1. Pull out all pairs, ordered by first then second residue, where Cβ-Cβ is under 8 Å, the residues are six or more apart or on different chains, the first lies in the range 88-101 and is in contact (Cβ under 8 Å) with a residue 60 or more places away in the chain, and the second is of a type in the set (V, I, T) and part of a helix (DSSP H, G or I).
2. Would you mind stating whether G37 is closer than 19 Å to F12 by Cα and surrounded by fewer than 17 Cβ atoms within 10 Å (Cβ to Cβ)?
3. Go through the range 39-90 and count every residue that is charged (D, E, K, R), outside any helix (DSSP H, G or I) and at pLDDT 90 or above.
4. If you check every pair at least six apart or on different chains, which have Cβ atoms under 9 Å apart with a residue in the range 30-44 that is free of Cβ contacts under 8 Å to residues at least 60 places away in the same chain first and a residue that is part of a strand (DSSP E or B) and among the polar types (S, T, N, Q) second?
5. Cβ-Cβ under 6 Å, sequence separation 6+ or interchain: first residue in the range 63-85 and within 20 Å of G37 (Cβ to Cβ) and without any contact (Cβ under 8 Å) to a residue 24 or more places away in the chain, partner outside any helix (DSSP H, G or I) and among the acidic types (D, E). Which pairs?
6. Of the conditions (1) among the aromatic types (F, W, Y); (2) exposed (fewer than 14 other Cβ atoms within 10 Å of the Cβ); (3) modelled with pLDDT of 95 or more, Y111 clears all except one; give me its number.
7. Hey, can you tell me all the residues within the range 91-118 that are among the small types (G, A, S), part of a helix (DSSP H, G or I) and out of contact with any Ser or Thr (no Cβ under 9 Å at 6 or more places or on another chain)?
Amino acid sequence: MQDILPIYQNSFGIAFQWKRNTVKSIMKVQLVFRDTGLLLSKEELTQFSKNIKYTRENSSLCSDCAENESCKALLIDSPAPQITFAVNLKELNGIHDLVEGTLFQMNLDNYLGSLFQS
């Protein structure tokens with residue numbers, strides 16, 4: 001944990017930046033949930049947020065799937081077009097909170113940083 005700068009975490013995952021970044025990943029966020037790690041730019045994180053919202057608003061679950069955690073009937077497109085995540089409702093809500101909380105914290109940090117630079 002000494003090599004990272006935590007941005008946001010919940011019971012489902014964590015978002016952070018590496019302290020020792022390479023030039024390629026200096027402005028990227030590492031998002032880790034389940035057994036997946038995504039290294040995303042802010043634009044990719046924003047697109048992932050839109051994909052999650054689309055899935056939340058346009059997916060209907062039968063009553064069995066809504067209550068069954070083993071049913072992974074919801075599909076979220078990742079920022080990489082060739083990757084889609086199959087999740088259940090609880091995971092969808094956990095990923096949603098993780099991404100939204102990360103974006104909120106990043107925007108807050110940028111805003112507060114701009115106040116102190118003026």
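The values are calculated or read from the model by the stated rules, or taken from the named source; none is laboratory data. From a predicted model like this one, the values you see are computed outputs, not experimental measurements. Cβ placement follows ideal geometry from the backbone for every residue including glycine, while neighbour counts extend to all protein chains displayed.
1. Partner pairs satisfying both residue conditions: I95/I52; V99/I52.
2. Answer is yes for this residue.
3. Counting residues in the range 39-90 that are charged (D, E, K, R), outside any helix (DSSP H, G or I) and at pLDDT 90 or above gives 1.
4. Q30/Q17; G37/Q30; L38/Q30; L39/Q30; L40/Q30
5. Going by the 6 Å Cβ cut-off, the qualifying pairs are T84/D77.
6. In the conditions (1) among the aromatic types (F, W, Y); (2) exposed (fewer than 14 other Cβ atoms within 10 Å of the Cβ); (3) modelled with pLDDT of 95 or more, Y111 misses (3) alone.
7. G101, G113, S114
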